[in-house]
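Peer 1: Below is the structure I would like to discuss, written out as structure tokens.
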Amino acid sequence: LFFVSPQFLLGVTTLKDLPSIGLPEIAFAGRSNVGKSSLINALFNRSDVARISNTPGRTQQLNFFQLQDFLILVDLPGYGYAQASKKIVDAWNNLLRAYLKGRPTLKRVYILIDSRHGLKENDLEMMEMLDKAAVSYQLVLTKIDQRSRVPLSSIYEGISRDLAKRPAAHPELLVTSSRTKQGIEDVQKAIYTLAFN
Ligand code: GDP
């Protein structure tokens, strides 16, 4: 599938700056360095999404992009920075929680998980926050081209078991590599289907 490059709309650091509700939205989340920029680049060829989202000063805000006339993409800041102070983490969690609770147009959050590492504590916190806000999410394993001590199948099964215990049903785990492009089309199709349903 080919999407034209999304256009940057705005970056939000405080609740009052959230854009008013309109088009359907999907959001991308994950630990920093999980491969979020690379995946977004692979999904939306030639896009400036990843570049903008990696610009210093724009990395700690919710970045809103518009994809043609049918979808808003929201790039959430990478979490899990060891250096981030508690104050910053708290402020960010409050903004995120407020966004999630007040967004009926938010169709789904894609949570990216490094396929070599599986679920970490802050991924579980993100999933719990979404479960509480009754927001649908789908997990996407990244970097599956990379060799790891733990076989991909056991990471996959471990995460599937965790998902099965959650209060709401969630769509199945996707597996991707931005490097080899494996699985990219599956994510594109999922996004396309969400936008038009
Ligand atoms: P972000 O911090 O989540 O935006 O992560 P980036 O997209 O900047 O990627 C972090 C690092 O992982 C970079 O060195 C990328 O080259 C690498 N990376 C990202 N995706 C892949 C992938 O699919 N395969 C491999 N082997 N490396 C990847």
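Peer 1: Out of (1) more than 14 Å from residue 35 (Cα to Cα); (2) of a type in the set (A, V, I, L, M, F, W, C); (3) within 16 Å of the ligand (Cβ to nearest atom); (4) touching a His at 6+ places or on another chain (Cβ under 9 Å), what's the single condition that is false for residue 152?
Peer 2: (4)
Peer 1: Can you name every residue in segment 166-197 that is more than 20 Å from residue 133 (Cβ to Cβ), in a loop (DSSP other than H, G, I, E, B) and in contact (Cβ under 8 Å) with a residue 12 or more places away in the chain?
Peer 2: Scanning segment 166-197 gives 172, 173, 176, 177, 178, 179, 180, 181, 182, 183, 196.
Peer 1: Let me ask something else about it. Does at least one position in segment 60-80 carry a residue that is at pLDDT below 90 and over 27 Å from residue 180 (Cα atoms)?
Peer 2: Checking segment 60-80: at least one residue is at pLDDT below 90 and over 27 Å from residue 180 (Cα atoms).
Peer 1: Being within 14 Å of the ligand (Cβ to nearest atom), assigned to a helix (DSSP H, G or I) and surrounded by 13 or more Cβ atoms within 10 Å (Cβ to Cβ) is true for just one of 131, 162, 123. Which residue is that? So that I can check it myself, show each step before the final result.
Peer 2: Working: 131 fails: within 14 Å of the ligand (Cβ to nearest atom); 162 fails: within 14 Å of the ligand (Cβ to nearest atom).
After ruling out the rest, the residue left standing is 123.
Peer 1: Restricting to segment 138-159, name every residue that is of a type in the set (Asp, Glu) and exposed (fewer than 13 other Cβ atoms within 10 Å of the Cβ).
Peer 2: The answer is 157, and nothing else.
Peer 1: So, in segment 68-102, exactly how many residues are assigned to a loop (DSSP other than H, G, I, E, B), of a type in the set (Ser, Thr, Tyr) and over 20 Å from residue 37 (Cα atoms)?
Peer 2: Count: 1.
Peer 1: So how many residues does segment 1-47 have that are charged (D, E, K, R), assigned to a loop (DSSP other than H, G, I, E, B) and within 19 Å of residue 110 (Cβ to Cβ)?
Peer 2: So the count comes out to 0.
The values are calculated or read from the model by the stated rules, or taken from the named source; none is laboratory data. Keep in mind it's a predicted model, so treat the numbers as computed, not measured. Heads up, the Cβs are rebuilt from the backbone with ideal geometry, glycines too, and the neighbour counts pull from every protein chain shown.
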